[in-house]
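The values are calculated or read from the model by the stated rules, or taken from the named source; none is laboratory data. Note that the coordinates shown come from a computational prediction; the quantities given were computed from them, not determined experimentally. Neighbour counts run over all protein chains shown; Cβ positions are idealised from the backbone, glycine included.
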């Protein structure tokens, strides 16, 4: 399935002269003065990915984890299979670590692509967030059920592209 997208080129949303904070973190050099990442944030590192505490938090527990590729990829659409798979495995491990260390009621993972998808750092990253009952992180009410005929049409549209 992935071969369909290998030749695709995606528009970058990074501004001219972008100093990527996650590439800076991956290099260990911390050259960019605007980078909020600190060496002490690092939890895990291997040849493909990093996991570290995010500089911005959500109440009631200010800590959450970001899992990001070591190499610069801006969007989910660009990730090579080995990197995507490693990100998922490390995301799972970070979720388990959060559950054991902080004892939240649950864990949420989420990831954003492009400005309309709420991305604001132009380097792919997966959020791993501890969650507590009624923590208010999501305020969106449940949506109505999508009729089966609409779901079938949407599935057919995606199958046609794959």
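Hey, among 15, 62, which residue is part of a loop (DSSP other than H, G, I, E, B), closer than 29 Å to residue 132 by Cα and modelled with pLDDT under 95?
Working: 15 fails: closer than 29 Å to residue 132 by Cα.
One residue alone meets the criteria, 62.
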Open item on the list: Can you tell me which condition residue 118 does not meet? The list is (1) surrounded by fewer than 18 Cβ atoms within 10 Å (Cβ to Cβ); (2) at pLDDT 95 or above; (3) within 13 Å of the chain's Cα centre (by Cα), and all the others hold.
Closed with: (2)
Open item on the list: Of everything in the stretch 75-99, what is part of a helix (DSSP H, G or I), without any contact (Cβ under 8 Å) to a residue 40 or more places away in the chain and more than 14 Å from the chain's Cα centre (by Cα)? Give them in sequence order.
Closed with: 82, 96, 98, 99
- [ ] Check off (1) closer than 25 Å to residue 138 by Cα; (2) crowded, with 17+ Cβ neighbours inside 10 Å for residue 92 and give me the number that stays unchecked.
- [x] (2)
- [ ] State whether the residues of the stretch 58-74 include one that is free of Cβ contacts under 8 Å to residues at least 12 places away in the same chain and surrounded by fewer than 17 Cβ atoms within 10 Å (Cβ to Cβ).
- [x] yes
